[in-house]
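Novice: Let me begin by handing over the structure; questions about it come next.
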């Protein structure tokens, strides 16, 4: 059996395991062990432990649990609710303003938490009932929050960007700053579609019993400004070369917890325990995926599958743009079945050398890959954000949420096309602030 045929067998086995409900980390580990032993004998077991733990022996990985802790502290507080409330008060009389407020809150909370499910949960718990109460269609209200939550893996600080940087050896600071303009562009696309939809349907949404005075508009700002300043300082320390990602993440996590205690009085042991438990659970899950993905990559390389795939793609003699189309289609399909971290760890080390050989920038490609993963978060069968929204609003059926999110998926596809034609949207900021490579 040739390497490519073996690769197809490995992919089929992995998909079957994932569809059976096995956790991603266990599925990756089981497939890696079975195929290593089958093709290389029992002696291959001697290197498995070193390979798995070697995948975790990276100083930059310390930033992941710290950013997760930072996000957990913010998500456990009322920061999301206050953020939504502040934007809703200021955009109260804009047509479709409540929808735009929710999308704006998603983009800002995404930068604070770095987590798509946390963004969906924090903003959706307040935003969806308010939109439904004021006449917004169920599909639009839920689909907008599901799509807005995906911004959590694009707008920095992003766990997905950190994993991509570690897997491909690219600068995490550059990746973070490269995600800013595409993240803002996607936010504007989402808002523009929402306004167009409201105008085209002729909706006259209820404004409620009364408006907001200037005092009511200003009184909520002191509760959210400290968190916005915190994220600005974290990003400044990264882009200004003041701190490494791990150092910035540690300081950001400390101050996020401190702000939660000071502003929202979260000093009770139970509240702090919930923050630590949530952060630990997600950190362990991601770290286990990283470790088993390293073992999986070792298996693929040892069986010469990765190299054969790269050679096969190179032998196709297609143009760079056709190659990019193939890669995007592959990423879209992979995102339907696997979470972003798993796709990046499995595919990025193979794809990045290929795209670099065709003259593409790996920082730019990291943004393209991340937007593809965003689409996967709101498409079945995995579609994590869809299930988060369905848990928040169980009265809205899953197909309704999916159809409501469909126009926002098309906005993401448009963003990929624009980034492909104008790569400077992603590369200009990092080159401007950190110099060309």
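The values are calculated or read from the model by the stated rules, or taken from the named source; none is laboratory data. Small disclaimer: the values here were computed from a predicted structure and weren't measured. Methodologically, a virtual Cβ is constructed for each residue, glycine included, from the backbone with ideal geometry; neighbour enumeration extends over all protein chains shown.
Novice: In the stretch 1-14, which residues are at pLDDT 80 or above and surrounded by fewer than 16 Cβ atoms within 10 Å (Cβ to Cβ)?
Specialist: Within the stretch 1-14, 5, 8, 9, 11, 12, 13 qualify.
Novice: I've got another one for you. Anything in the stretch 378-405 that is surrounded by fewer than 23 Cβ atoms within 10 Å (Cβ to Cβ) and outside any loop (DSSP other than H, G, I, E, B)? List them, or say none.
Specialist: Selection gives 384, 387, 388, 390, 391, 392, 398, 399, 400, 402, 403.
Novice: Which of the residues that make up the stretch 221-236 are touching a helix residue (DSSP H, G or I) at 6+ places or on another chain (Cβ under 6 Å) and surrounded by fewer than 19 Cβ atoms within 10 Å (Cβ to Cβ)?
Specialist: 226
Novice: Give just the number: which of (1) touching a helix residue (DSSP H, G or I) at 6+ places or on another chain (Cβ under 7 Å); (2) free of Cβ contacts under 8 Å to residues at least 12 places away in the same chain does residue 332 not satisfy?
Specialist: (2)
Novice: Within the group 9, 56, 98, 17, which residue is in contact (Cβ under 8 Å) with a residue 40 or more places away in the chain and in a helix (DSSP H, G or I)?
Specialist: 98
Novice: Residue 255 fails exactly one of the following numbered conditions: (1) buried (at least 17 other Cβ atoms within 10 Å of the Cβ); (2) more than 30 Å from residue 22 (Cα to Cα); (3) modelled with pLDDT under 85. What is the number of that condition?
Specialist: With respect to (1) buried (at least 17 other Cβ atoms within 10 Å of the Cβ); (2) more than 30 Å from residue 22 (Cα to Cα); (3) modelled with pLDDT under 85, residue 255 is out only on (3).
Novice: Could you please find all residues in the stretch 60-109 being modelled with pLDDT under 75 and under 25 Å from residue 166 (Cα atoms)?
Specialist: Once the filter is applied, which keeps residues that are modelled with pLDDT under 75 and under 25 Å from residue 166 (Cα atoms), the stretch 60-109 yields only 60.
Results for (1) in contact with a strand residue (DSSP E or B) (Cβ under 6 Å, 6 or more places away or on another chain); (2) within 22 Å of residue 401 (Cα to Cα); (3) outside any helix (DSSP H, G or I); (4) at pLDDT 90 or above, shown as yes or no for each residue.
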| position | (1), (2), (3), (4) |
| --- | --- |
| 163 | no, no, no, no |
| 173 | no, no, no, no |
| 181 | no, no, no, yes |
| 184 | no, no, no, yes |
| 191 | no, yes, no, no |
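Novice: Only one residue in 325, 369, 295 is more than 25 Å from residue 57 (Cα to Cα) and either buried (at least 18 other Cβ atoms within 10 Å of the Cβ) or modelled with pLDDT of 85 or more (or both). Which one?
Specialist: Matching residue, one of 325, 369, 295: 325.
Novice: Give just the number: which of (1) in contact with a helix residue (DSSP H, G or I) (Cβ under 7 Å, 6 or more places away or on another chain); (2) assigned to a helix (DSSP H, G or I) does residue 413 not satisfy?
Specialist: (1)
Novice: A follow-up question, please. Give the residue, chosen from 375, 371, 327, that is in a helix (DSSP H, G or I) and farther than 18 Å from residue 405 by Cβ.
Specialist: On inspection, the qualifying residue turns out to be 327.
Novice: Checking the conditions here, which among 198, 167 is over 19 Å from residue 343 (Cα atoms) and either outside any helix (DSSP H, G or I) or at pLDDT below 90 (or both)?
Specialist: 198
Novice: Output the residues belonging to the stretch 15-29 that are surrounded by fewer than 19 Cβ atoms within 10 Å (Cβ to Cβ) and within 13 Å of residue 289 (Cβ to Cβ).
Specialist: Scanning the stretch 15-29 gives 22, 23, 26.
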